[in-house]
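Data first, discussion second: the structure below is written as structure tokens.
The values are calculated or read from the model by the stated rules, or taken from the named source; none is laboratory data. Just so it is clear, the structure is predicted and the values come from calculations on it, not from any experiment. Neighbour counts are summed over all protein chains in view; Cβ atoms, including those assigned to glycine, are modelled from backbone coordinates with ideal geometry. Ligands, DNA and RNA are excluded from the accessible area calculation, which covers all protein heavy atoms including side chains. Shrake-Rupley method; radii C 1.70, N 1.55, O 1.52, S 1.80 Å.
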Amino acid sequence: MQRFRASLRLLARSRFSEHHGRSLFSSLANNASVDDLDNQVLVEGRGSTRTAVLNRPASLNALTTAMGARLQKLYKSWEDDPDVGFVMMKGSGRAFCAGGDIVSLYRLINKGKLDDSRDFFRTLYTFIYFLGTYLKPHVALLNGVTMGGGAGVSIPGTLRVATNKTVFATPETLIGFHPDAGASFYLSHLPGHIGEYLGLTGEKLVGSEMLACGLATHYTISERLSNLEEQLGKLVTDDPSVIESSLENYADIVYPDKTSVIHRIELLDRCFGLDSVEEIIDALETEAGRTDDDWCKSTLRRLKEASPLSLKVSLRSIREGRFQTLDQCLAREYRMSLQGISGQISRDFCEGVRARMVNKDFTPRWDPPSLENVSKDMVDQYFSPLSSSEPELDLPTKLREAFP
């Protein structure tokens with residue numbers, strides 16, 4: 001399969017080399033304003049590059065089903081186009097992407113539109129797999145908020161540029177959900193047990209921390225992004241090393257602040273490397289009692305704000321992701337997501353969105369209300385299909401090789 005994928009890449013590169021002098025703009029770019037839905041993802045074309053621009057700035061570019069479908073269509077056309085050497089993605093306004101449009105999803109669920117909710121996850125996860133197996137280099141410009149599904153539509157790509165304005169988080173446990181959109185894959189592959197820490201607490205990382213732990217491949221200050229884009233737009237290549245060289249011309253050497261969690265990796269690993277959520281909390285409480293450490297105390301507060309059920313399923317999800325391919329993680333997360341929105345086990349997702357995003361009273365009533373009330377059967381059910389007749393997520397794994 002490795003040879004097959006390599007041959008596809010070589011074929012794509014040879015087609016690019018033969019045709020790069022032709023039309024510089026795809027027809028999709030010219031027709032982007034025909035429909036309001038198309039305006040949610042704009043297209044910029046420069047030379048041999050195409051850039052998808054997430055364009056819902058008032059909603060921090062939160063992803064909709066229509067956006068996922070349009071991204072899939074655009075990226076497929078660009079992969080097939082020999083004039084296109086590589087692809088970029090960026091966001092409009094002050095965010096890259098704040099994740100999925102969970103308020104719209106909340107309203108669909110409350111109206112009983114489960115099929116539409118399924119479509120949202122199926123469409124988004126399918127695009128993420130497509131990006132993770134893309135045959136051309138991909139550059140994500142992560143300037144501003146990059147959370148949840150926003151990380152999902154960028155991290156599986158080739159190159160990721162963070163800035164001094166980047167803020168990353170996977171805050172799903174705080175709304176009664178689980179880190180999804182491929183998060184169980186990439187979080188589980190971070191150094192040590194940083195993935196468990198981020199996935200359970202929903203704590204934020206800034207751009208320098210993303211670079212340090214591998215979530216970003218490059219870092220630059222936001223004021224230089226326009227010059228960086230201009231430089232990339234002049235390239236006529238599909239060679240990742242050439243693109244990397246251009247990125248490095250604008251890259252800054254940066255280190256996490258001395259208070260960063262990156263400098264607490266030994267303590268973090270001792271606590272978040274334990275087998276259960278209860279053991280993690282006990283270890284943090286012991287350390288906080290012994291040292292009066294502010295990081296331990298703030299981490300405990302975050303864990304106690306989260307849904308108990310979400311904490312347990314998220315820990316198991318990340319641990320399973322460590323031994324699974326991208327497609328396996330997405331297929332499992334799809335089952336989990338349908339369970340999370342169905343209300344069969346708990347209505348924590350709707351309650352979490354209500355409390356944090358709709359009514360904004362920040363007092364969710366979790367059910368079960370405590371870790372001790374979350375049974376093993378509940379957690380097991382969360383990882384199972386909704387029913388014996390429920391279709392699995394159908395990804396083109398025979399045509400496109402998954403990450404190992």
- Specify the residue that is farthest from the chain's Cα centre (by Cα); the eligible residues are those in the range 312-347 that are aliphatic (A, V, I, L, M) and over 11 Å from P179 (Cβ atoms). I345
- Task: May I ask you to list the residues in the range 323-339 that are open to solvent by 10 Å² or more (accessible area, probe 1.4 Å) and charged (D, E, K, R)?
- Result: D327, R335
- Kindly establish whether M336 is in a helix (DSSP H, G or I), modelled with pLDDT of 95 or more and touching a Leu at 6+ places or on another chain (Cβ under 8 Å). no
- Query: So A251 clears everything in (1) open to solvent by 10 Å² or more (accessible area, probe 1.4 Å); (2) within 30 Å of E320 (Cα to Cα); (3) of a type in the set (G, A, S) except one condition, right? Which one?
  - Reply: (2)
- Item | Residues that are within 22 Å of E372 (Cα to Cα) and either buried (at least 18 other Cβ atoms within 10 Å of the Cβ) or touching a Gly at 6+ places or on another chain (Cβ under 9 Å) (or both), drawn from the range 266-280 | C271, F272, G273, L274, V277, I280
- Query: Does H193 count as open to solvent by 10 Å² or more (accessible area, probe 1.4 Å) and not charged (D, E, K, R)?
  - Reply: yes
- Message: I'm told L232 meets every condition in (1) at pLDDT 95 or above; (2) buried (at least 20 other Cβ atoms within 10 Å of the Cβ) except one. Can you identify the failing condition by its number?
- Response: (1)
- E320 meets each of (1) touching a Leu at 6+ places or on another chain (Cβ under 7 Å); (2) surrounded by fewer than 19 Cβ atoms within 10 Å (Cβ to Cβ); (3) charged (D, E, K, R) with one exception, condition (1)
- Task: Go through the range 40-69 residue by residue and tally those that are within 22 Å of D239 (Cα to Cα) and of a type in the set (S, T, N, Q).
- Result: 3
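What residue, among those in the range 340-388 that are of a type in the set (D, E, K, R) and not in a helix (DSSP H, G or I), is most open to solvent (accessible area, probe 1.4 Å)? Steps first, answer last, please.
First, the residues of the range 340-388 that are of a type in the set (D, E, K, R): 347-348, 351, 354, 356, 360-361, 365, 367, 372, 376-377, 380.
Now narrow it down to the ones that are not in a helix (DSSP H, G or I): 347, 360-361, 365, 367.
Numbers: R347: 127, K360: 122, D361: 64, R365: 160, D367: 92 Å².
That would be R365.
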- Note on the range 294-303: residues open to solvent by 10 Å² or more (accessible area, probe 1.4 Å) and in contact (Cβ under 8 Å) with a residue 12 or more places away in the chain are W295, L300, R302
- Can you name the number of the only condition in (1) surrounded by fewer than 21 Cβ atoms within 10 Å (Cβ to Cβ); (2) touching a Pro at 6+ places or on another chain (Cβ under 9 Å); (3) of a type in the set (V, I, T) that I128 fails? (1)
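Taking R319, is it in a loop (DSSP other than H, G, I, E, B) and of a type in the set (K, R)? Before you say what the answer is, go through the steps one by one.
Numbers: in a loop (DSSP other than H, G, I, E, B): no; of a type in the set (K, R): yes.
For R319, the condition - in a loop (DSSP other than H, G, I, E, B) and of a type in the set (K, R) - is not met.
Quick check: anything in the range 70-83 closer than 19 Å to A98 by Cβ and either touching a residue at least 12 places away in the same chain (Cβ under 8 Å) or open to solvent by 10 Å² or more (accessible area, probe 1.4 Å) (or both)? If you could, list the steps in order and put the result at the bottom.
First, the residues of the range 70-83 that are closer than 19 Å to A98 by Cβ: 70-71.
Filter again for either touching a residue at least 12 places away in the same chain (Cβ under 8 Å) or open to solvent by 10 Å² or more (accessible area, probe 1.4 Å) (or both), leaving 70-71.
So far as the range 70-83 goes, yes, one or more of its residues are closer than 19 Å to A98 by Cβ and either touching a residue at least 12 places away in the same chain (Cβ under 8 Å) or open to solvent by 10 Å² or more (accessible area, probe 1.4 Å) (or both).
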